[in-house]
Amino acid sequence: MDSSVRLAQLAKSAASDAGFDLCGIAAISEPEFRELAHFPAWIAAGYAGEMEYLKSKDERGQLKRASPRATAPWARSVIVCALNYDTDEPYSTELAHHRERGWIARYAWSQQDYHDVLFKKLRQVEARLHQAVDSSSALGLPPQPELITRCYVDTGPHVERVYAKYAGIGWIGKNTCILNEKLGSWIFLGVILTSLELAPDLPAADRCGTCTRCIDACPTNALLAPYKLDATRCISYLTIEKRGKIPEELRPGIGNHVFGCDICQDVCPWNGGATQTARSSATFASAPGLQPRPELVNPALDWLAEMSREDFQQTFKGSPLKRSKYSGLRRNAAVAMGNSGERAFIPSLEKLACDEDSIVASHAAWALQQLVKP
Ligand code: B12
Ligand code: SF4
Ligand code: SF4
């Protein structure tokens with residue numbers, strides 16, 4: 001058997017042993033990753049907002065993320081691993097009437113930060129590849145050149161979803177998420193770039209068809225067209241990445257979201273289509289670190305808004321929520337209170353409107369105005 005096929009099989013069985021639900025391989029060769037051609041125009045249009053890391057350039061002035069060759073000229077293959085994070089909890093679209101409670105995105109309920117969970121597993125796959133190459137003659141493989149590998153979970157200058165499509169993990173949906181036929185889009189991605197030539201998989205075929213549910217459901221109209229997300233309008237960006245002031249015209253659309261947003265995935269027929277009943281056959285996350293913390297599912301807004309800095313640090317140590325920072329989470333909770341129509345929040349907001357953090361205070365003042373409107 002060809003050594004690229006044997007090594008690809010080895011990588012996949014190592015991924016399965018490490019606990020990944022899916023693993024596929026894409027070749028880094030010409031012509032490569034057609035969708036990356038859209039990346040420079042996306043940046044030029046300003047859709048990345050304040051996410052400066054997406055705009056980084058190499059010494060030739062080219063956007064690093066527009067090609068894997070920019071930062072990894074030695075890479076010949078990319079191993080893409082995926083881990084299911086779905087759990088048996090309701091969808092945000094089912095609980096939207098609980099306006100007095102907030103919504104934290106499904107991915108962030110976990111006991112541990114997903115970066116740590118996936119990285120540990122990627123390291124196990126990487127170690128197996130190194131062992132195989134070190135003992136290539138014992139395995140009956142021809143001598144292999146020196147092996148270079150790099151593992152990434154969000155952290156590198158790579159558009160992981162494009163690699164995932166070509167590795168056959170899933171297709172890029174009109175909501176820009178990777179969708180797998182069996183698992184839907186509730187999957188995290190982790191990638192290993194390698195200098196090894198590995199037998200590639202076939203790209204996943206687009207199965208969105210004529211559906212436009214995600215585009216129609218987005219409350220801030222962030223999906224400008226199929227596959228085209230203006231991140232500066234996306235609730236996920238506004239509540240997690242954006243520091244300081246949230247543009248006023250976008251605040252009503254944020255609804256009860258305090259960290260991230262699941263709507264364009266909740267409504268997707270490949271995820272069960274907005275109702276939990278339709279998900280009876282869903283496969284749920286098995287990784288212990290990705291099991292949900294019950295207090296983060298549909299949390300009370302005043303709990304988040306009134307949290308002390310010490311409580312925030314303690315509660316969200318090792319959790320994805322620490323990314324919004326103390327100021328950001330309380331700002332978001334104030335906006336959600338303003339959108340709730342719940343006058344019982346007025347005393348809490350009056351207190352927040354005098355907060356020493358001017359961002360929290362100004363968003364609380366806006367929220368108060370919403371609640372006292374005739
Ligand atoms: C920055 C970022 C964000 C930003 C921007 C999102 C985005 N769509 O780009 C924000 C903060 C908004 C965000 C939100 C979310 N994110 Co995010 N995010 C990233 C990150 C770090 C980089 C993504 C990136 O490079 N975007 C650049 C733009 C240009 O890419 P894009 O919108 O995907 O566009 C590509 C395609 O749409 C493509 N394309 C394909 N076909 C076509 C056809 C046409 C005509 C056109 C024009 C374009 C086009 O062109 C683009 C590539 O050049 C990745 C990790 C990584 N390093 O890759 C995680 C990642 C994409 N995020 C992830 C997750 C889970 C989320 C959220 C679900 C979290 C949440 N619940 O709040 C939401 C989903 C929102 C959404 N609808 O995408 C997962 C996605 C897993 C999956 N199944 O797809 C990733 C892969 C992290 C991980 N390691 O698991 N995220
Ligand atoms: S995550 Fe929410 S705001 Fe962002 S595109 Fe999807 S539905 Fe719209
Ligand atoms: S909701 Fe429809 S259009 Fe959007 S990603 Fe899912 S299948 Fe594709």
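Throughout, read-outs are computed from the coordinates displayed, never taken from laboratory work. Here the structure is a predicted model, which means the values were calculated and not measured. We place every Cβ from the backbone using ideal geometry, glycine too, and count neighbours over all the protein chains shown.
For the stretch 21-128, what class follows from the C-alpha gyration tensor (a ≥ b ≥ c being the square roots of its eigenvalues): rounded when a/c is under 1.5, otherwise prolate if a/b is larger than b/c, else oblate? Because a/c hits 1.5 or more and a/b fails to exceed b/c, the stretch 21-128 counts as oblate. Within the shell defined by Cβ-Cβ distances under 15 Å, the residues around residue 365 carry a net charge of +1, with Lys and Arg each +1 and Asp and Glu each -1.
Run down the lysines and flag those whose C-alpha is under 17 Å from the C-alpha of residue 64, throwing out any fewer than 8 positions away in its chain. Filter leaves 55.
Protection proxy ranking, highest mean first, for peptides 55-62, 115-122: 115-122, 55-62, where packing is the per-residue count of other beta-carbon atoms within 10 Å, averaged. Dividing the radius of gyration of the alpha carbons in the stretch 259-374 by their Kirkwood radius gives 1.05 for Rg/Rh. All Cα-Cα distances of the stretch 20-77, cut into 10 Å bins from zero to the largest, leave 20, 45, 29, 6 percent in each bin in turn. Taking each DSSP H run with n ≥ 4 as -39500 (n - 2.57) and averaging over every residue of the chain yields -8500 deg cm²/dmol at 222 nm. Ellipsoid fit via the Cα gyration tensor, the chain: semi-axes of 40, 21, 20 Å, each the root of five times an eigenvalue, largest first.
Relative to the longest principal axis of the Cα atoms of the chain, the long axis of helix 358-372 lies at roughly 60 degrees. For the stretch 128-201, the spherically averaged projection of the C-alpha convex hull amounts to 6.1 nm².
The calculated FRET efficiency for residue 74 paired with residue 96, based on their beta-carbon distance and R0 = 51 Å, is about 0.60. Computed from Cα atoms, the angle from the helix 114-134 axis to the main principal axis of the chain rounds to 10 degrees.
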